[in-house]
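Down below is the structure, laid out as C-alpha cells.
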Amino acid sequence: MEQPKFPFHGEFCHSAQLLENRLGLLLQLPPDLPYQPQLLDAAFHAFTTASLVAVEFRNEHWLTEEIFSLLRKRKANYCNPDHPQQPLSTIVTGDTGYLRLHGQRHWYTDNYSRDELIAVAETARKIKQQGLKEIYIFFNNDYGAHAPHNAAELLQLV
C-alpha cells in the first residue's frame, strides 16, 4: 500500500528545523478521524525524528495496543489528556511525558481543585518513574484564566 503524501512536507520541515532543539510538535487527531493506523504511521515520516512528536487522540477508538505499539516503534510520545471523557493515565510510549489538562468536569473552563492538582502531580511522578527524560504539563483550561493559577499551584506541588 502506498503511503499518503503530505503536501507541505518539505516547506514545513525546513521551517521547523530553524527551531533546532526547541522544536516539539503536538499532533491532535480530531474526534471524527476514522481509525487508520497506517495514516498515523505515514504522518511520522513527515518528521526527521518522531521523538519530537506528541500525539493526542480525541477519540477512544484510537486508544489501542496497536496504536501504542506504533508510537513506541516510532519513539513518538503519547499525549496524556485529562478531559471530561478521559481522565489521566500513566501510559508512556516515548522518552518524554506530556500531560494536557483541558478540565476534568468541563472542557477549557474547569478550575482544578488542590486535590485534583495533587492527583496530577502524583500521575506525573508515576510516569517519570518509567524512565522519562522530561515531562511537560500543559493547561488548556484557559477560559476564565484558570490555567495560569492552576499551573502556579501545581508548580508548588511538584
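The values are calculated or read from the model by the stated rules, or taken from the named source; none is laboratory data. Quick caveat, the model's predicted, so the values are computed rather than measured. Quick reminder, even Gly has a Cβ in these numbers, built from the backbone with ideal geometry, and neighbours come from all protein chains shown.
Filter segment 81-95 down to residues that are assigned to a loop (DSSP other than H, G, I, E, B) and touching a Leu at 6+ places or on another chain (Cβ under 8 Å) and give me whichever is surrounded by the fewest Cβ atoms within 10 Å (Cβ to Cβ). Working first, answer last.
From segment 81-95, those assigned to a loop (DSSP other than H, G, I, E, B) are 84-85, 87-95; that's our starting set.
Pick out the ones that are also touching a Leu at 6+ places or on another chain (Cβ under 8 Å) and you get 88, 92-95.
Working: Leu88: 21, Val92: 23, Thr93: 22, Gly94: 21, Asp95: 13.
Among them, the one singled out is Asp95.
Out of all the residues in segment 112-144, which are outside any helix (DSSP H, G or I), out of contact with any strand residue (DSSP E or B) (no Cβ under 9 Å at 6 or more places or on another chain) and at pLDDT 95 or above? Give the derivation first.
Quick first cut of segment 112-144, residues outside any helix (DSSP H, G or I) only: 112-113, 129-144.
Next cut, out of contact with any strand residue (DSSP E or B) (no Cβ under 9 Å at 6 or more places or on another chain) only: 113, 129, 131, 142-144.
Ser113, Gln129, listed by residue number.
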All positions within segment 15-33 that are outside any loop (DSSP other than H, G, I, E, B) and at pLDDT below 70:
Ala16, Gln17, Glu20, Asn21, Arg22
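Looking at Tyr78, Tyr98 in this structure, which one is assigned to a strand (DSSP E or B), in contact (Cβ under 8 Å) with a residue 60 or more places away in the chain and either surrounded by 16 or more Cβ atoms within 10 Å (Cβ to Cβ) or among the β-branched types (Val, Ile, Thr) (or both)? Please lay out each step first, then the result.
Working: Tyr78 fails: in contact (Cβ under 8 Å) with a residue 60 or more places away in the chain.
Every option except Tyr98 fails the conditions.
Among Tyr108, Tyr112, Tyr143, which is the only one that is surrounded by fewer than 17 Cβ atoms within 10 Å (Cβ to Cβ) and over 18 Å from Leu29 (Cα atoms)?
Numbers: Tyr108 fails: over 18 Å from Leu29 (Cα atoms); Tyr112 fails: surrounded by fewer than 17 Cβ atoms within 10 Å (Cβ to Cβ).
None of the others qualify; the one that does is Tyr143.
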